[in-house]
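Visitor: One structure is given below, represented as structure tokens, and several questions about it will come after.
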Amino acid sequence: MSTDYRDAEWKRIQEKTFTRWCNQHLRKVNVVIENMEKDFGDGVELIYLLQILSGKSLGRFNKKPRIRAQCLENVELALAFIKKEGIKLVNIGPADIADANLKLILGLIWTLILNYQIAAGFDEDQKGTPKQLLLDWVNEKIKDKEGLDGRRVKNFTSDWNDGIIISALVDAIAPGLCPEYEDMKPENGEENAARGMKLAEDWLDVPQVLEPHEMANPKVDDKSVMTYVSMFPEAQLKEGAPLRTSKSAADPSKVVVTGPGINGEAQECVEQPLCYTIDTTQAGDGQPEVTVDGPDGCN
């Protein structure tokens with residue numbers, strides 16, 4: 001392994017993202033990896049991951065390998081299975097994983113993400129690369145969102161740094177879940193991303209395999225962002241989500257006012273303080289304007 005593989009910030013972000021993605025699946029069998037560089041070395045966790053992703057059994061393998069030969073045998077079984085699935089592997093062998101070649105291990109995990117998650121989210125007859133298909137899907141979802149001024153997403157790096165696109169995507173999938181995206185300021189990228197991603201995690205069941213500060217980082221790589229965004233096409237809104245009306249869709253008719261005389265009941269209230277309640281919860285965002293008319297129709 002090259003000792004300086006983590007020299008770039010995007011590489012560190014990618015390693016963390018891929019580790020979280022793996023753990024999101026491995027938790028189904030109560031397995032957690034902490035060091036991708038070493039934890040796949042005996043082949044056991046890799047086999048578990050492949051069985052979860054494919055829904056198939058890899059057959060018998062050594063669950064507690066003690067010697068290098070047993071580790072290599074497990075990894076060989078895993079790589080052979082991947083090839084049998086019709087997934088192309090380039091320049092990686094059992095020894096690369098057993099010897100902790102982080103660069104090649106991350107390349108392998110990306111291949112799994114690309115094939116079992118990103119590409120799997122689209123029909124086989126759809127034309128284009130998985131990256132382009134995912135990009136087109138995002139743009140189709142947000143094309144009619146107010147406040148974006150026709151903005152289109154052109155990449156999976158800088159276009160996501162301000163946190164507005166991810167928040168708008170959340171609101172596009174579940175209208176009313178994140179209407180505040182319309183008022184977000186581009187300079188508050190991490191704060192914006194944190195808002196949208198938290199709502200996605202809580203109400204769309206989209207795990208934060210990428211963290212807000214990483215999405216807002218100008219050096220984030222496209223594979224990390226794609227890994228996260230590719231979870232949205234299958235997202236489903238949970239019951240009880242706090243849906244709100246967007247500012248652009250404010251409805252004054254839904255303002256509810258209660259207080260003396262509102263319902264037509266005349267009351268003697270000359271020179272007396274009166275209390276009224278104005279409820280705009282269901283009316284959307286906006287600034288209420290109040291006028292009080294006297295008996296003669298003047299305010």
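The values are calculated or read from the model by the stated rules, or taken from the named source; none is laboratory data. Only a predicted model underlies this, so the values are computations on that prediction, with no experimental measurement involved. Reconstructed Cβ throughout: ideal geometry from the backbone, glycine too, with neighbour counts over all protein chains shown. Surface accessibility is based on the protein's heavy atoms, side chains included, excluding ligands, DNA and RNA. Shrake-Rupley method; radii C 1.70, N 1.55, O 1.52, S 1.80 Å.
Visitor: Starting from a Cα-only point model with no solvent, please compute log10 I(q)/I(0) by Debye for the chain at q = 0.12, 0.15 1/Å.
Guide: Normalising to I(0) and taking log10 leaves -0.85, -1.16.
Visitor: Among Asn115, Thr129, Leu104, flag the residue with its Cα farthest along the positive direction of the charge dipole of the stretch 1-135, charges on Cβ as +1 for Lys/Arg and -1 for Asp/Glu.
Guide: Positive-end residue among those listed: Asn115.
Visitor: Here is a further query. With the dipole of the stretch 1-80 worked out from charges on the C-beta (+1 for Lys and Arg, -1 for Asp and Glu) around the Cα centre, which of Gly43, Cys71, Asn30 lies farthest toward the positive end?
Guide: About the Cα centre, the residue reaching furthest to the positive side is Asn30.
Visitor: Once you've got the Cα coordinates, tell me which of Lys56/Lys127; Lys83/Lys131; Lys145/Lys238; Lys83/Lys145 are over 32 Å apart.
Guide: Exceeds cut-off: Lys83/Lys145.
Visitor: Report the full-extension gain for the segment Ile87 to Val32: residue separation times 0.36 nm, less the Cα-Cα distance, to one decimal in nm.
Guide: Numbers: separation 55, 0.36 × 55 = 19.80 nm, distance 2.49 nm.
Taking 0.36 nm per residue and subtracting the Cα distance, the gain is 17.3 nm.
Visitor: Sticking with this one: Taking the stretch 120-224, which GluC sites (Glu not before Pro) meet the DSSP loop condition and have no more than 14 other C-beta atoms within 10 Å?
Guide: On the way: sites: Glu124, Glu140, Glu146, Glu180, Glu182, Glu187, Glu190, Glu191, Glu201, Glu214; in loops: Glu124, Glu146.
Those satisfying the criteria are Glu124, Glu146.
Visitor: Can you give me the % of accessible surface on the chain that is carbon or sulfur? Probe 1.4 Å, all protein chains present, nothing else counted.
Guide: Details: 7970 of 17070 Å².
Carbon plus sulfur share of accessible area: 47 percent.
Visitor: At most 15 other C-beta atoms within 10 Å and a DSSP loop state: those are the exposed trypsin sites (Lys or Arg not before Pro) I care about. Give me the longest piece of the chain that has none. Before the final figure, lay out the partial values.
Guide: Values: sites that count: Lys56, Arg60, Lys63, Arg66, Lys88, Lys127, Lys143, Arg151, Arg152, Lys154, Lys219, Lys238.
Here the longest run is 155-218.
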